[in-house]
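Before any comments, here is the structure.
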Amino acid sequence: MTDKPGAPATLRNREPILEVLRIEMANCQSVLEIGSGTGQHAVFFGRELPWLSWQTSDRLENHDGINAWIAEASLPNVRRPLDLDVELVDSVPGEYCGVFSANTAHIMSFDAVICMFQLVGNALSADGLFCLYGPFNLNNDFTSESNRQFDASLKTRDPRMGIRDLAEIRVLASENDLVTEKTYAMPANNMLIVWKKTSTKRVKK
Ligand SMILES: C[S@@+](CC[C@H](N)C(=O)[O-])C[C@H]1O[C@@H](n2cnc3c(N)ncnc32)[C@H](O)[C@@H]1O
């Protein structure tokens, strides 16, 4: 059995995110999570929001850890991960009324973020919601000194990483028929943005 990985930030951000998802996903049945990471969010939200079927996904390297959390939680509504690299796959089987992703847009390259929005557009049913959590810039500027330092540390790791400007993210959303519904200010200079899919259009890479 794989040891369960732990990301301390998930313990800090999961309650505030839960309060948003409880509202936004109240009428949803099925959620696709992109970049499930450790799997900690999936089992926490799956337990707290039991009406949702929660489909985890990530690149293969994270599957053992996600599966370890899912096995321990033994929840009927949290599904084992799809092998999903947004740069390699532009659609997933089935349709979802919700897509959730946390802390991915600044880790992926901008090209991968473009791919993620295409995939989200293809995965959502009409009127489905995309909830994206993480740090974002506003008007091409950091919203805090800590975000500026975080961005610098990301770019040291990999120059393709970095905090995205909300305006450029909104362009990608619009190209995939996603309209901004709400912007929630979250603790620690993060945001949770909610978009609604306005069509049944599918985009191919
Ligand atoms: C900082 S972690 C966030 C994990 C988790 N969502 C959380 O908030 O704790 C970033 C995640 O993005 C995933 N990721 C990075 N590039 C990706 C890609 N091209 N396709 C899918 N997932 C990707 C990583 O594998 C990782 O799980």
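Conditions tested, residue by residue: (1) at pLDDT 95 or above; (2) under 30 Å from Lys155 (Cβ atoms); (3) within 8 Å of the ligand (Cβ to nearest atom).
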site	(1), (2), (3)
Thr2	no, no, no
Ile17	yes, yes, no
Val20	yes, yes, no
Met25	yes, no, no
Glu48	yes, no, no
Pro76	yes, no, no
Val86	yes, yes, yes
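Among the residues in the range 115-125, are any away from the ligand (no atom under 14 Å from the Cβ), over 24 Å from Phe150 (Cβ atoms) and in contact with a strand residue (DSSP E or B) (Cβ under 6 Å, 6 or more places away or on another chain)? Talk me through it step by step, then tell me what you get.
Here is the first cut: in the range 115-125, the residues away from the ligand (no atom under 14 Å from the Cβ) are 121-122, 124-125.
Applying the additional criterion that residues be over 24 Å from Phe150 (Cβ atoms) yields 121-122, 124-125.
Pick out the ones that are also in contact with a strand residue (DSSP E or B) (Cβ under 6 Å, 6 or more places away or on another chain) and you get 124-125.
There is at least one residue in the range 115-125 that is away from the ligand (no atom under 14 Å from the Cβ), over 24 Å from Phe150 (Cβ atoms) and in contact with a strand residue (DSSP E or B) (Cβ under 6 Å, 6 or more places away or on another chain).
Evaluate the following for Gly134: is it within 18 Å of the chain's Cα centre (by Cα), crowded, with 21+ Cβ neighbours inside 10 Å and touching a residue at least 12 places away in the same chain (Cβ under 8 Å)?
Values: within 18 Å of the chain's Cα centre (by Cα): yes; crowded, with 21+ Cβ neighbours inside 10 Å: no; touching a residue at least 12 places away in the same chain (Cβ under 8 Å): yes.
No, not satisfied.
All but one of (1) more than 16 Å from the ligand (Cβ to nearest atom); (2) in a loop (DSSP other than H, G, I, E, B); (3) more than 18 Å from Ser125 (Cβ to Cβ) hold for Glu72, so report the exception by its number.
(2)
List pairs: first residue in the range 4-19 and among the charged types (D, E, K, R), second residue near the ligand (Cβ under 9 Å from one of its atoms) anywhere in the structure, Cβ distance under 8 angstrom, at least six positions apart or on different chains.
Lys4/Thr38; Lys4/Gly39; Arg14/Gln40; Arg14/His41
Please tell me if Glu61 is within 20 Å of Lys4 (Cβ to Cβ), within 13 Å of the ligand (Cβ to nearest atom), part of a helix (DSSP H, G or I) and among the acidic types (Asp, Glu). So that I can check it myself, show each step before the final result.
On the way: within 20 Å of Lys4 (Cβ to Cβ): yes; within 13 Å of the ligand (Cβ to nearest atom): yes; part of a helix (DSSP H, G or I): yes; among the acidic types (Asp, Glu): yes.
So Glu61 passes the test.
With the requirement that a residue be aliphatic (A, V, I, L, M) and within 9 Å of the ligand (Cβ to nearest atom), what does the range 27-41 give you? Working first, answer last.
We begin by selecting, within the range 27-41, every residue aliphatic (A, V, I, L, M); these are 31-32, 34.
Within the range 27-41, Ile34 is the sole residue that qualifies.
Restricting attention to the range 57-90, report how many residues are more than 16 Å from Ile107 (Cα to Cα) and among the hydroxyl-bearing types (Ser, Thr, Tyr).
Looking only at that region, the number is 1.
The values are calculated or read from the model by the stated rules, or taken from the named source; none is laboratory data. None of these values were measured; they are calculated from a predicted model. All Cβ positions, glycine included, derive from the backbone under ideal geometry; neighbour counts span all protein chains shown.
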